[in-house]
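Here is the structure we will look at.
The values are calculated or read from the model by the stated rules, or taken from the named source; none is laboratory data. All figures in this text were calculated on a predicted structure; none of them were measured in a lab. FYI the Cβ positions are ideal-geometry reconstructions off the backbone, even for glycines, and counts take in every protein chain you see. Accessible surface is based on the protein model in full, side chains and every heavy atom, while ligands, DNA and RNA are left aside. Shrake-Rupley method; radii C 1.70, N 1.55, O 1.52, S 1.80 Å.
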Amino acid sequence: MKLWQYIGLGLVGVFAILQLFQIDKTNPESDPSKDMLVVTNAPQNVATILKDACYDCHSNNTVYPWYTSLQPFAWSIQNHIKHGRKHINFSEFGDYSREDRAEVFEECVEVLEEGEMPLASYKLMHPEAILSDEQTKTLMQWFSGNGEEFED
């Protein structure tokens, strides 16, 4: 066997061993009445956009696709979800203070304006998360209008 064949077999072996270390795909329990869409009585069009583009990483309602069973990709995805929930968790919005709610809405407008969210890597595997200009405008208007409700 040639050296490159040993290297190839070694890489396949490492990849196979990595599959033994799966991520926990259990979503945290949450009270549906505290979900941002319920608390704010969001219109259906806004709810649909947010669920398609944001909720997998920014709520306790993550839907784990097939590729979250492949390491090392799953570790990266799990890290994105953990960071997303820590930063903004729409499932726990009802527990946020008025100031935190206003800050969440301001930040949502900001990341939409700057095109930072949804992440490009997420949109690659989730075409439904690619926001049209109209969807972006709808969300920005909704977040702007409702964010004022929480300001003093």
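Note on segment 1-36: residues that are open to solvent by 50 Å² or more (accessible area, probe 1.4 Å) and more than 26 Å from the chain's Cα centre (by Cα) total 14.
One line per residue, one yes/no per condition, for (1) within 21 Å of residue 45 (Cα to Cα); (2) modelled with pLDDT under 90; (3) β-branched (Val, Ile, Thr):
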site	(1), (2), (3)
85	no, no, no
104	yes, no, yes
107	yes, no, no
117	yes, yes, no
123	yes, yes, no
126	yes, yes, no
138	yes, no, yes
141	yes, no, no
149	yes, yes, no
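Given the condition open to solvent by 70 Å² or more (accessible area, probe 1.4 Å), part of a helix (DSSP H, G or I), modelled with pLDDT of 85 or more and charged (D, E, K, R), answer yes or no: does some residue in segment 37-55 qualify?
Yes, segment 37-55 contains a residue that is open to solvent by 70 Å² or more (accessible area, probe 1.4 Å), part of a helix (DSSP H, G or I), modelled with pLDDT of 85 or more and charged (D, E, K, R).
Restricted to segment 56-72, and to residues that are closer than 11 Å to residue 22 by Cα and not in a helix (DSSP H, G or I), which residue is modelled with the lowest pLDDT? Checked segment 56-72; the qualifying residue modelled with the lowest pLDDT is 70.
If you go through segment 93-131 and keep only what is open to solvent by 50 Å² or more (accessible area, probe 1.4 Å) and closer than 14 Å to residue 50 by Cα, you end up with 117, 119, 123, 127, 128, 130. The criterion of at least 2 residues that are of a type in the set (A, V, I, L, M, F, W, C) and either touching a strand residue (DSSP E or B) at 6+ places or on another chain (Cβ under 8 Å) or within 29 Å of residue 21 (Cα to Cα) (or both) is met by the following helices (runs of 4 or more DSSP H) wholly inside segment 75-152: 120-125. Return yes or no: is residue 86 closer than 30 Å to residue 144 by Cα and free of Cβ contacts under 8 Å to residues at least 12 places away in the same chain? Judged against the criteria, residue 86 is a match.
Here residue 14 fulfils each of the conditions (1) touching an Asp or Glu at 6+ places or on another chain (Cβ under 7 Å); (2) part of a helix (DSSP H, G or I); (3) modelled with pLDDT under 90 apart from (1).
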